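**Student:** The structure under discussion is supplied below as structure tokens; questions concerning it will follow.
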Amino acid sequence: MPAALGLNFHHDTSACLVVDGRIYAAEEERWSGVKHNRTTRKGILTAPTHALDWCLRSAGITVDDIDHVWTPSMRPSPRHGSWASTEQAELAALLPGVLGQRLKPISHHTAHVLSGYLLSGEEHAAGLVIDAGGSALGTDIASGRERITGYDLTPDSIDRIHQVTPALAPGPSGPVRTHPSLGHFYRNLALRVIPPGNEVEGSMMALAAFGDPDRYYKELRDLIHLSEHGHVHIAAPWGSYDADTPLGIEGALWTARSADSKPLDARADLAAAAQRVFAEAVIHVARHLRHLTAARTLVFSGGCALNSHLNGTLAEQSGFENLFVAPAPQSARRSTPGTSSSDSPSCRRPRTPTGARSPVPCPTERSRAATAPSPTSVSG
């Protein structure tokens, strides 16, 4: 009776236990009463204590019965030492001894894509993960964090085949690193369109349905440059979290503080343009993955996969025959245990009766992502 446990210690703190093909999962916010179990944007490590206890009691097992423990990594790489081992030790200290000893970190985006692929029932699929940001990439790939990642997925391997990386652009005091986060791009615009509140991204997606995307399309499209090989470059500072920089359009300044003072029709038009530009960038990457993998199905995950309008556009225009959006694709789903050691005997177990894959399959991630040289300009 193989048992695998996935834990998420960051925002959307959660636990997911899979025992002999049956899933038990819960988010810590159910007990804390705090949305996303997070009171600040800054990363705070919190063990999903109540969620884990509920999973164990529901499955009727103890921590001693768990074979594998996984967690997505989120911390940036320090200047010295191994970031993975440092984070692993810190997280392990928050767990009962036996769980801490078995804890292994995997990439944030790999956890995201596996949360969809393992439930998709597909043998071969392309995977796409887009969110605000994930694990540190490390010097073997590029500097910065995961923002947009593409995979070639089979039962035997998880191949990272596409990674959008930061670019360098001229700045007033030297080169400036520009980050390609479509999650932050969408959030930054939502902060300037939706009055202060909770979940501004979802509100902007809804408002976009009432707007004219043509009115502000050119101004927003100029902020993103889509280049060959599926690369996306976003003009600074819009690809990083920025709640302060005014957005100038047609002589007017859009800021987070002025959102509720703008006419509703103008806000709807800006939301519609943002939705279109955002979708075009995602389609651009998805089509490249279709070319690289020749897969019939795209598995889509990450916070941006919560955008239902985008998902409809992706299904129609990406070139894939099928689209599988990971259930609960935001960070809570990263606790789904996706992998185990490659020598695990459970690696070759057949599919479960529900069509989902074995809870402890264990493809080993490989990276063959092609990262083109960073351009010196991200405009246009």
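**Student:** If I take all pairs of Cα atoms in region 284-326, what percentage of them are more than 15 Å from each other?
**Tutor:** 33 percent
**Student:** Under a plain spin-label model, where a point goes 7 Å from the Cα along Cα-to-Cβ, how far apart in nm are Glu316 and Met1?
**Tutor:** 4.9 nm
**Student:** A follow-up question, please. With labels modelled as points extended 7 Å from the Cα through the Cβ direction, what inter-label distance (nm, one decimal) is found for Asp260 paired with Val34?
**Tutor:** Roughly 2.5 nm, to one decimal.
**Student:** Once a ≥ b ≥ c are taken as the square roots of the eigenvalues of the Cα gyration tensor of region 161-280, is the result rounded (a/c under 1.5), prolate (a/b larger than b/c) or oblate (a/b not larger than b/c)?
**Tutor:** prolate
**Student:** Related question: With the cut-off at 1.5 for a/c, could you classify region 211-295 from its C-alpha gyration tensor as rounded, prolate or oblate?
**Tutor:** It is prolate, given that a/c is not under 1.5 and a/b is the larger ratio.
**Student:** Mind checking the full-extension length gain between Asp212 and His309? Use 0.36 nm per residue of separation minus the Cα-Cα distance, one decimal, nm.
**Tutor:** Extra length available between Asp212 and His309 comes to 33.4 nm.
**Student:** Then there's this: Normalised by the residues of region 219-305, what does the relative contact order come to in percent, with Cα pairs under 8 Å and at least six apart?
**Tutor:** Relative contact order of region 219-305: 30 percent.
**Student:** Say the dipole of region 153-236 comes from +1 at the beta carbon of Lys and Arg and -1 at that of Asp and Glu; which of His184, Ala236, Ser203 then lies farthest toward its positive end?
**Tutor:** Ala236
**Student:** Let me ask something else about it. First select every other residue whose beta carbon is under 12 angstrom from the beta carbon of Ala271; then total the charges, Lys and Arg +1, Asp and Glu -1.
**Tutor:** Neighbourhood net charge equals +1.
**Student:** Under the rule a/c < 1.5 gives rounded, and otherwise a/b versus b/c splits prolate from oblate, where does region 97-180 land using the Cα gyration tensor?
**Tutor:** Taking the square roots of the gyration eigenvalues as a ≥ b ≥ c, region 97-180 is oblate.
**Student:** How much length is gained on full extension from Ala89 to Lys104, taking 0.36 nm per residue of separation minus their Cα-Cα distance?
**Tutor:** Net length gain for the segment: 4.4 nm.
Just so you know, all these numbers are worked out from the coordinates, no wet-lab data involved. Since the structure is predicted, the reported quantities are computational estimates derived from the model, not experimental observations. Glycine also receives a Cβ, built like all others from the backbone with ideal geometry; neighbour counts cover every protein chain displayed.
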